[in-house]
Each structure stands twice: as C-alpha cells, then as structure tokens.
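A.B. asks: One structure follows; several queries about it will come next.
Just so it is clear, none of the values below were taken in a lab; they were calculated from the coordinates. Everything numeric in this text was worked out from a predicted model, so none of it was measured. Note that each Cβ is placed from the backbone with ideal geometry, even for glycine, and that neighbours are counted across all protein chains shown.
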Amino acid sequence: MPTLIDLTFEDAFVRAMPGDSDRRNVSRQTPGVSYSPVDPTPVAAPSLLAWSDAAGDLLGVTRPALGPGPVADVLAGNRLLPGMRPYAARYGGHQFGHWADQLGDGRAITLGEVRGASGQVLELQLKGAGPTPYSRRADGRAVLRSSVREFLCSEAMHALGVPTTRALSLVATGDTVVRDMFYDGRAAPEPGAIALPGFVRQRRRPVSRILRRRLPPDGGAGGALDAAGATASAISRTSRCGTWRDSARRWACCSTRPLRCSRG
C-alpha cells in the first residue's frame, strides 16, 4: 500500500474557480474570487502524534511511523508535494444570526485533491497551518488540547454511526500558541498542533452570488456555506452530482446533514 507521499495530487478547484492574484498573506477583502493562494507557515519540529487507520483507508495509504519524518513534514505543512497548490477558500455566510459578509478559511489551508481508494475525489486540508488573508486578527494556529478533542470525537462519532467530520492525523508542531483557555484575561502559551479533520464537501456556490442575494439564515444559502465551507476539512469528498448553480434548498440540506447530502 502506498504512503501519503506517494499520492498524486490534483488541483481541479483551483483551475475551475476564480483565484486571488494578490499573493500578500495579510488580512484583507478579496472581492470577486473564490480562493486565495497561500502556503502553510512552517513549524519548528513536526511530530506525528496520532493517525486514523480508518481515515487512511479512505485515501488508500498505509499508516506512517509516529514521530518526526517525511509524512509528518507534509501533515504539518513544512513540505509540499508535487501537484499541491495550497489555498484558503473564500465564502460568505451568517454568524450568530447575522450576515457576516466575507468570511473564509482563517486557519485552514487546502493542499490539494487526491483520488481515494474507491475512486472518489478527496481534499486534504490542514487546520492550524498558519494565517491566511481570511484570518482577520487571528494567528491561524491551533492548540494541542482542542486538536486532540477534534481528532478523538470525530473518529468516535463516525464509529458510532453518527454523521460527522473525520480526522486523519494529529501533528505536534514544536511551537507554542498563546491562548486564553478560560477567557479570564490570563492568556498563556500552549503546545501547538495541526489536525486534519474532514467532511463530505459539496460544491461551493460562488460567494459573489450569495453576497448579492443575502438570503436569511433560515433560507440556507449563507448558513450552509458556513457548514460546507467554514468547517476545515482534510479529507472531504467532492460531490460530482451537482453544479455550481445548485439551489438554496440543497445548501440548506447540506448545512444540517453534511454527510448525507451528496446528492441533494
């Protein structure tokens, strides 16, 4: 069985959708684009802490050795493989019941697409890989405690038959990330990590069209883009049954049942 490094990466999304010509990695508005090219920010000492064999089977790759190594370098964003064209997606949606205009992948960076063991197209994306043009005032990083929780809960819920995100791996970065754990004004350094969560991805409706329409939260389009685009994914099946002109009703379905709406 091949390793992660042996996979052939594709870039269908980047080739099909309008991209950002400005390569500055600073927080800013990016009108008229669906993504911004951005490379992961390298970390000090990548080390693979955990790996899901079940998620690895989706990709058709064998379990790598834990600890530092070439696979850990890729999973941390320190090494890009041939065919990878990293980007952060731009989307729009509602937050807390209000239209938030431009959102985007603030700490998630998609590396590219691969064809899994069954032939479906999957995306590999890093969560906590550093800042992007959509990070606003954040640092684009993730801490170990929340990444462990995401990794364990995702795979546990999947094993219980609950439609949920998936997780391929968990990597320690060797860097510290400052967070206010209890929101009491006492921020402190914590160990950093990068996780690879995943979900069944629907094709995104171009954000410019959503921004013009500004559908209400219960109308589905904005809120569904939060669910279908905002959740960072490392392994996500790209639906081949729809088009970029799918209805708001389809997006509303996707927002509530992301793993059961591939044919909306």
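A.B. asks: Work out how much length R136 to H98 would gain on full extension: take 0.36 nm times their residue separation and subtract the Cα-Cα distance, in nm to one decimal. Can you show the working numbers first?
C.D. replies: Working: separation 38, 0.36 × 38 = 13.68 nm, distance 1.78 nm.
Using 0.36 nm per residue and subtracting the Cα-Cα distance, I get 11.9 nm.
A.B. asks: Test of understanding: what is the full-extension gain from Q29 to D57, defined as 0.36 nm times their sequence separation minus their Cα-Cα distance?
C.D. replies: Details: separation 28, 0.36 × 28 = 10.08 nm, distance 3.85 nm.
Gain in length upon complete extension: 6.2 nm.
A.B. asks: For the range 24-100, what class follows from the C-alpha gyration tensor (a ≥ b ≥ c being the square roots of its eigenvalues): rounded when a/c is under 1.5, otherwise prolate if a/b is larger than b/c, else oblate?
C.D. replies: prolate
A.B. asks: Take peptides 121-128, 37-44 and line them up by average Cβ neighbours within 10 Å, highest first, as a rough protection proxy. Walk me through the intermediate numbers first.
C.D. replies: Details: 121-128: 25.1, 37-44: 19.2.
With the highest mean Cβ count within 10 Å placed first, the list reads 121-128, 37-44.
A.B. asks: Between T8 and D184, what is the spin-label point distance in nm, taking each point 7 Å from the Cα along the Cα→C-beta axis?
C.D. replies: 5.6
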